[in-house]
Every structure is written in structure tokens, then in C-alpha cells.
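Structure record follows, encoded as C-alpha cells.
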Amino acid sequence: MRRLILTSFSFSCKIRFNRFLLTLSKNFMMRLIICLVFIGFAEYIQAQSCTCKSMQDYVALRDFDSTAKHKPMNLWKFAKTLEKDKSPRCLAFAFQLKAQVQIKNNQFEDAAKSLDREKFILDSIRCKSASYVENNLTRGELLMLQGDYEGSIDAYSKTVKILQRAGNNAMLSKAYLGLSGSYGRLKDKDKAKYYTNLAYPVVRILSDNETKIDLLSQLSARYYKLYQLEKDKIYLDSALNTVSFSYVLAKKIQYTESYLQIYNLFEDHAYYKRNFRLALNYLDSALIQTNPNYHWKERGAIYGDMSDIYLELKRYDKAYQFADSNLVYAQKIGDPYDVKNALELLYNCAKLSGDYERALLVYEDLSKMQDSVMNIQNERAFRQLQEKYHRVRNEKSDAEYKQDKRLLQQQQQIGNLKWRLILVGIIIFALLAAYVLMVFRQKSIKQKQKRLEIRQRLNRARINPDFIFNALNQLQNAGLGQGTDYKRQIQSFSKLLKQVLDSTHDDFMTLDREIEFLTFYLTLQRDRSKNAFNFSFEVDEQLDPSNVCLPTMILQPFVESTVLEGFSNLNRVGELIIRFKLRGLNELAIIIDDNGKGLKAIDSSRASEIINDRLYLLNKLNKTSSSYLIREKTGGGVSVEIFIPLITKAYAEELKKEGF
């Protein structure tokens, strides 16, 4: 009994220790919430540096809002206003707007520098890839105008997937049309047609504003390019329908700045249809929309087109007159390529008119200009190679240098913050991992605690204390005679107590030892009740009693209830039969039959509690569904049927190691 008390005390200590472990993680969730708030605040700070309210309002007005009446906007002044903003994102967008203006003014080198400045700022504040969309679109347009069609395609392609996810159809249309234009200039008609077809439905669903009008005009120009590549007149009809729609919208919102491009597109259609008189009328209308003070390139192009038409009409004097005007504007612009093209047109006019002396003079100028253009092309190619392999900024002003230095400092600060955030992220990941482990640990501890509590209850319920008290009184009374029965009872009682104490540390007992234990117990109970019942055991021949094991205390509570309550004051001799049968290959059936008073006379709650605990532990470790059934027999008495997996001695040792 002393060993039983010590074992119960050790189990109580283990349970208290496990409860102490469960209290260690009470404040963990609060710490996790604080860390997550800190991370969210840091992400908010970074997001603020990549946003610009003025830019967002401008993009919403340009790409999404409908326009009732066009209001001219000076992009250069707006860019100057953005430069005064303290936000790095606003400063970057200011350079984007400057680049757009510089491209319109044919200041390609300045536009490239502005785009580089914008990208440098975006890199320094480490914005997401969506922030680079405008930069790539404008760079694609610039490279296409400079003749670098592969570079233009690369720049436009970087934006397509981002814009498809973002849902900005205006920018997506611009990307599609840019890809179509670059592929068209590379004579890749399949891809040019593919991207033109992609652009058409997207442009049509845009809001009615200036952006839609400009994109419709670009779409019309792409149809003319496809006509040049495939000579299919359906593209002429598509171009005319598209530019007509653009013209209707332009008149509706009074977007007069677009008339110049629209009239040129109408002229293209008339020219391809060989309606030269109508083409000249459209060119006259386009010329009216220009300003002689700054529309030099546009006026030069119009005069060039007029010269081509008069050549078709064989009006060589008129053709020469407009070709000469084309040369005047080309020289004002100072672009060697435009001057060379104007000289070629002038040479053709003089040659076709039969004025060979003038043609010879023009040819001499043309030869010099061709040499100059060749040198420029070589220099430009060399410079492009230098820019690709050596990104050196030697021509920056002091103000730019100071600004770059300040931006680099910001970049370093943001970089340091990023590393701190990464460190915090690692810490949070470690805390989450610890939390997950703690959850599993708690679950394991709870299961272990439950098993310990069950084992403690089982140890307390090894045998009914009343039986021990009554058996000792009986032995005391029998001791007066000092007969042979007294010695036998003493021997049985001592063996019974020894097995009870041994089972405190043994979770399994072999079938032969279980039968021996029950024999000692039932013998003492039968002697105490003056042979009021008989008992017997039946073991299946396929079972080896020395190798088959049973969980301890799985049968004794039912046997005790039957003897003490089922056979109490019975008017006949009680019969108790315990059978052990093999069901299938891996299941053991134990049947306890009696002819007692039935279920109403016995209290099976204690026995049910004990076997429930035992079967819970067995099912938990063995992953089985052990069960039992208590029913009243038709002829009187109770039958208890217990079904457990067949457990050998070797398997019992494995279960014991796993903590059964």
C-alpha cells in the first residue's frame, strides 16, 4: 500500500508541473500583435514615400474621367509645381512630365535624361514595379522615335502584365499600340496585327476624354501601317472609321489641339484612295491648325506631303515650291535627318521638272548631308554602346549632384530600415514557429496530462478497499481455528495483494496472470460468501495465455460488481463464466456471463468509468476502436462483452515505451 501512495504522489507532481508549463505562453499573443503593428507601421511609411496625391489626381483625370469640355493644361508648369513637393514620388513624376513635353518638342536627348532621373529616384525609394509603368511607356515611345525598335518593344513589354492586373485600360492601350508600331516598323506584320487587334476593344471602352481621342488617332495610324504591309483595303476602312470617331469626340469636347493629327490621318486615307484633291484640302485644314512660331516640324511635314501629291499630279513647279518650304523648316529644326529627306525631295522635284542645273546643285548639298548623317549615325551608335556599358554621369550640374546625394542618403536610410524590417520579420517568423511548437506542445501536454490523470484514477481503483477490510476480518475470525482453510486463504490473499501492488507499475498483464489474479480474488470472495457461487474460465485454443496480454484492471471491476451485487442474496447458486475468444486475426473478445439478478441489481458506473479510461488510452496509442457492451440476458443475469485488439507481449512492450 505504501508503494501505491508514493506512485499517486508522483503522478500528482507531474500534473502540477504540466499545468505550470501551460501558463508560460499567456502573453505571447500580445507580443505578436505588437510586432505585427510595428511591421504594418513600417510598411505604411514606405508606401507613403511611393505615393503622390497630385500625381494620382492627374492620372485619374487623364485616364479615367470623362471630359465635357477640353481645358488646356501646361504640363511643363505642372512639372515645375511638382518639383516643389517634398515627396520623392512627386519629384519623379515631374521628370516624367518633362520627358513627355521634351519628346513632343523633339528634344530626345533631354527626354532620355529626364527618364533616367525619374528611374533613379524610383530606384532610390524602392517603389514597386507598378511605379515604373509610366517610365517604361514613355521610354518605349522615345526609343521608337529614335529608331531603336527592339529597345522600344522591350520597354513596352515590361508594362503589359502589370497594366492588365491594374486595370488601367488607357495605359494598356498605349502599350499595345506602342508594340504594334514597333513591330510594324520591323515589318513583323503578324505581331503588328496582333497588338492592334488587342488595342481596338480596349480603346473603345475608355471614357470620352482627350486620352481616348489621342489613342484613337494612334490606332488609325496603325491601321494605315497594316495597309502598307498587307495591301488589304479593309485596313483603310478601319482607319477611316477610327479617325472619324476620334474627330466626332474631339468636336464634342472642343479638343482643337487634336485636329492637326486628325486632318493628317484623313489626308492619308484620301492619298491611298488616290483622291489627291481631297488630300490637299485636308492638308490645308491641317496647316491652319499649326502655329508658324513653334509648329516647325508639323508644318515641314505638311509641306512635304503637299510636294509628294503635286509630284503625283505632275505639277513639278508646285512640288518644287512646297519641297523648298519643307527644306526651310527642316533647317530651322536643325535635324540632319529631316534636312537630308528634304534635300532628297527637292532633288527629285528638280530632276523630274527637267531643271538639271538646279538638280545638280541640290545633289551636291545632298551628298554632303548624307555624309554628315552617316557620321551622326556612327556617332550615335557608338554613344548608345557607351551608354549601355558605361552608365557614367559626368555632365551633372551641382544642383543635380546635391539632389542625387540627398536621394542616395534617403536610399541608405530606407535600406537600413528594410534590413531592420527583415530582422523583425525573422524574429516574428521565429516567434510564430515557437508559437506553433508551443501549441503542439500544449496539445501534447494536455493529452499526457489526461493520460496521467487516468492512470492515477486507475491506480486508486486497483481493488475495492471494502473487499480488503472484509477479507481481513474473515481471516481474523478464521484464524481462531488455525485450520487448513486459514492457511490457504492467507496464501491467496497475500498473492492477490502482491499482484495488485505489482500492477501499479505494469500496464499490461499476460492472460495466464490475469486468470491467476481473478482466481485468487474469486476464491477469496467465494470463501467469504460461503460458496454462494461458482466460476470458470474458457480460453480459445488459438490463444497462447502466456503471450497474449490484457490491460490491467479491465476485467476485475465487472467481476467485482457481479460477485458483490449480482450474486448477493441470490436464491440459487451463482454461475460466473469468463470466456476469451479470438475474433478474426487481430481482435480479442472477452465475455463475462453470470446468472445473477441482472442490471437493476448492480451498479456498473465504477466499472464503466475504469474501462472507459483504459480503452481511451488503448485507442489513443493503438489507433484502434476498442469497445465494450453491457446487456441483460433473456434468462436472467448480465453479459459483458469487451472487444480489444490482440496484444502480444512484444507489442505491449512497444506500447509501454510510447507512454501507455
Response to the item:
Inside segment 102-128, the number of residues satisfying the requirement of being outside any helix (DSSP H, G or I) and either over 33 Å from the mean Cα position of the chain (by Cα) or of a type in the set (A, V, I, L, M) (or both) is 3
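Given the criterion of a type outside the set (Val, Ile, Thr), open to solvent by 30 Å² or more (accessible area, probe 1.4 Å) and within 24 Å of Glu298 (Cα to Cα), identify the matching residue among Ser244, Ser207, Ser258. Give the steps one after another, and end with the answer.
Values: Ser207 fails: within 24 Å of Glu298 (Cα to Cα); Ser258 fails: open to solvent by 30 Å² or more (accessible area, probe 1.4 Å).
The match here is Ser244.
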Worksheet item: Can you tell me which residue in segment 45-54 is modelled with the highest pLDDT, limited to those that are surrounded by fewer than 16 Cβ atoms within 10 Å (Cβ to Cβ) and of a type outside the set (A, V, I, L, M)?
Response: Lys53
Item to complete: State the number of residues belonging to segment 119-165 that are open to solvent by 30 Å² or more (accessible area, probe 1.4 Å) and either charged (D, E, K, R) or farther than 22 Å from Cys52 by Cβ (or both).
Response: 19
Worksheet entry | Residue that is nearest to Lys443 (Cα to Cα) [pool: residues in segment 608-623 that are open to solvent by 50 Å² or more (accessible area, probe 1.4 Å) and without any contact (Cβ under 8 Å) to a residue 60 or more places away in the chain] | Lys623
Response to the item:
Note: among Val101, Val160, just one is of a type in the set (A, V, I, L, M) and within 17 Å of Gly181 (Cβ to Cβ), namely Val160
Worksheet item: Here are Asp110, Asp85, Asp57: which of them is open to solvent by 30 Å² or more (accessible area, probe 1.4 Å) and at pLDDT 90 or above?
Response: Asp110
Practice prompt. Identify the residue in segment 223-240 that is more than 13 Å from Lys273 (Cβ to Cβ) and part of a helix (DSSP H, G or I) and, among all such residues, is least open to solvent (accessible area, probe 1.4 Å).
Written response: Leu226
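Quick check on my filter: what residues within segment 439-473 are aromatic (Phe, Trp, Tyr), at pLDDT below 60 and either under 24 Å from the mean Cα position of the chain (by Cα) or open to solvent by 50 Å² or more (accessible area, probe 1.4 Å) (or both)? Show your work before the answer.
First, pick out the residues of segment 439-473 that are aromatic (Phe, Trp, Tyr): 440, 467, 469.
Pick out the ones that are also at pLDDT below 60 and you get 467, 469.
Scanning segment 439-473 gives a single hit, Phe469.
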Response to the item:
Listed by range, helices (runs of 4 or more DSSP H) wholly within segment 307-416 having at least 3 residues that are touching a Phe, Trp or Tyr at 6+ places or on another chain (Cβ under 9 Å) and modelled with pLDDT under 80 are 356-389
Discussion item. Looking at segment 410-438, I want the residues that are within 29 Å of Leu122 (Cβ to Cβ) and open to solvent by 50 Å² or more (accessible area, probe 1.4 Å) and have a partner that is assigned to a helix (DSSP H, G or I) and among the hydrophobic types (A, V, I, L, M, F, W, C) with Cβ atoms under 7 Å, at least 6 apart or on another chain. Which pairs are those?
Written reply: Gln410/Ile125; Leu417/Ala42
Item to complete: Assess whether Lys251 counts as being among the charged types (D, E, K, R) and either buried (at least 22 other Cβ atoms within 10 Å of the Cβ) or touching a residue at least 12 places away in the same chain (Cβ under 8 Å) (or both).
Response: no
Worksheet item: Pairs, please: C-beta under 7 Å, at least 6 apart or cross-chain, first residue under 16 Å from Leu97 (Cβ atoms) and in contact (Cβ under 8 Å) with a residue 24 or more places away in the chain and in segment 133-147, second surrounded by fewer than 22 Cβ atoms within 10 Å (Cβ to Cβ) and charged (D, E, K, R)?
Response: Asn135/Lys119
Worksheet item: Is one or more of the residues making up segment 550-558 assigned to a helix (DSSP H, G or I) and open to solvent by 30 Å² or more (accessible area, probe 1.4 Å)?
Response: no
Fill in: Of all residues in segment 61-91 being under 20 Å from Asn136 (Cβ atoms) and free of Cβ contacts under 8 Å to residues at least 40 places away in the same chain, the one that is farthest from the chain's Cα centre (by Cα)
Leu75
Item to complete: Can you tell me which residue within segment 62-81, out of those that are part of a loop (DSSP other than H, G, I, E, B) and of a type in the set (Ser, Thr, Tyr), is most open to solvent (accessible area, probe 1.4 Å)?
Response: Ser66
Practice prompt. Return a yes/no flag: does segment 609-630 have any residue that is modelled with pLDDT of 75 or more, closer than 16 Å to Glu565 by Cα and out of contact with any Pro (no Cβ under 9 Å at 6 or more places or on another chain).
Written response: yes
Fill in: Breaking point among (1) surrounded by fewer than 21 Cβ atoms within 10 Å (Cβ to Cβ); (2) part of a helix (DSSP H, G or I), for Lys187
(2)
Item to complete: For segment 262-274, indicate whether the set of residues that are loosely packed, with under 15 Cβ neighbours inside 10 Å and either modelled with pLDDT of 90 or more or not hydrophobic (A, V, I, L, M, F, W, C) (or both) is non-empty.
Response: yes
Worksheet item: Does Leu215 count as surrounded by 22 or more Cβ atoms within 10 Å (Cβ to Cβ), hydrophobic (A, V, I, L, M, F, W, C), at pLDDT below 95 and within 21 Å of Ser157 (Cα to Cα)?
Response: yes
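The values are calculated or read from the model by the stated rules, or taken from the named source; none is laboratory data. The shown structure was predicted, so the numbers you read here are calculated from the model rather than taken from an experiment. With ideal geometry, Cβ positions are generated from the backbone for all residues, glycine too; neighbour counts draw on all protein chains shown. Accessible surface areas use protein heavy atoms only, side chains included; no ligands, DNA or RNA. Shrake-Rupley method; radii C 1.70, N 1.55, O 1.52, S 1.80 Å.
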